[in-house]
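Everything on this sheet refers to the single structure shown next.
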Amino acid sequence: MQVTFLGTGTSQGVPVIGCDCPVCRSLDFRDKRLRVSMHVEVDGRSLVIDTGPDFRTQALRERIMHLDAVVFTHAHKDHTAGLDDVRPFNFRQNSDIPLYGQASVLEQIKVEFAYAFAENKYPGTPRLQLHPVENKPFEILGLQLTPIEVMHHKLPVFGYRIGDFSYITDANFIAEPELEKLRNSKVLVINALHKGPRHLSHFVLPEALEIIEKLQPHVAYLTHISHSMGLHAQVEAELPPHVHLAYDGLKIIL
């Protein structure tokens with residue numbers, strides 16, 4: 001399995017428009033963060049977790065040539081707005097793109113991309129198949145995914161476990177039964193917005209580190225990072241040896 005961080009930023013991305021803080025002015029490529037998304041490749045199968053506003057740029061940068069499915073965590077725009085850019089895969093593969101997510105998420109997508117589901121569709125619109133999933137394991141082309149239900153303030157969001165890889169974004173609470181699903185992960189990815197104070201709907205760094213300490217993965221990566229976290233190089237140097245700040249384009253092989 002190879003996983004690629006397509007984006008590791010918050011809903012505004014980094015740099016933030018109009019901001020001249022040291023992070024937003026940084027020349028370190030690791031401080032340039034597109035909206036959060038993942039690409040997962042396993043035995044020739046290619047999945048994307050979320051298609052944010054930067055999906056086209058991310059797919060071009062990583063030279064994603066084939067796409068078997070899109071899996072959504074939730075329906076916020078920074079996770080769905082780039083869905084129209086699956087069209088080249090429709091054309092290239094001459095097939096619909098299956099979308100997996102909670103029923104409520106797929107219903108919101110039907111509203112926001114209504115032209116793709118119209119009875120008389122305009123030529124060239126995205127070709128999409130909707131596959132609602134519940135909080136129980138499901139398969140995509142023989143690959144098993146286990147949803148992890150987390151809370152994003154009052155909104156239920158799905159993280160996902162695929163083999164030894166677990167991915168959690170946009171969370172500020174994980175119930176104990178869901179935490180158990182994450183145990184024995186080789187790689188755990190979890191959101192950490194900034195160093196503090198506590199946030200309404202996202203884990204901050206001390207909270208993310210507490211969960212990592214509890215779960216004891218082989219290695220953990222932090223994502224959904226804001227410019228308020230600080231410079232990548234400085235924060236990375238302060239973290240425990242098995243915890244790292246993710247950055248756009250980072251690839252991990254399991």
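The values are calculated or read from the model by the stated rules, or taken from the named source; none is laboratory data. Keep in mind it's a predicted model, so treat the numbers as computed, not measured. Cβ: placed from backbone, ideal geometry, glycine included. Neighbour counts: every protein chain shown. Keep in mind that these areas ignore ligands, DNA and RNA; they rest on the heavy atoms of the full protein, side chains included. Shrake-Rupley method; radii C 1.70, N 1.55, O 1.52, S 1.80 Å.
A simple spin-label model places pseudo-atoms 7 Å from Cα toward Cβ; at Phe117 and Leu179 they are separated by 3.6 nm. Ordering of 79-86, 54-61, 14-21 by packing is 79-86, 54-61, 14-21, highest average first (other Cβ atoms within 10 Å, averaged per residue).
Rounded to two decimals, the Cα-based Rg/Rh of region 23-145, with Kirkwood Rh, is 0.98. Going down the list Lys77/Lys186; Lys32/Lys77; Lys154/Lys195, which pairs span over 27 Å between their C-alpha atoms? Those over the limit are Lys77/Lys186. Here the chain has 54 percent of its accessible surface on carbon and sulfur atoms, given a 1.4 Å probe and all protein chains in place. An oblate overall shape is assigned to region 195-254, the ratio a/c of its alpha-carbon gyration tensor axes (a ≥ b ≥ c) being 1.5 or greater and a/b not exceeding b/c. Taking 17 Å as the straight-line reach from the Cα of Lys181, the lysines in range (excluding those fewer than 8 positions away in the same chain) are Lys136, Lys214.
Secondary-structure-derived ellipticity at 222 nm for the chain, considering helices only, amounts to -5500 deg cm²/dmol, per-run term -39500 (n - 2.57) for DSSP H runs with n ≥ 4.
Working from Cα pairs under 8 Å separated by at least six residues, relative contact order for the chain is 19 percent. Within the same chain, lysines fewer than 8 places from Lys121 are excluded, and of the rest, those with a Cα less than 19 Å from its Cα are Lys110.
Pairwise Cα distances in region 96-179 exceed 23 Å in 33 percent of cases. Taking the Cβ of Pro156 as the center, what net charge do the other residues with Cβ under 12 Å away carry, scoring Lys and Arg +1 and Asp and Glu -1? Combined, the nearby Lys, Arg, Asp and Glu give -3. The residues neighbouring Ser104, those whose beta-carbon lies less than 12 Å from its own, together hold a net charge of -1 under the Lys/Arg +1, Asp/Glu -1 convention. Solvent-accessible surface of the chain, averaged per residue with a 1.4 angstrom probe and all protein chains in place: 45 square angstrom.
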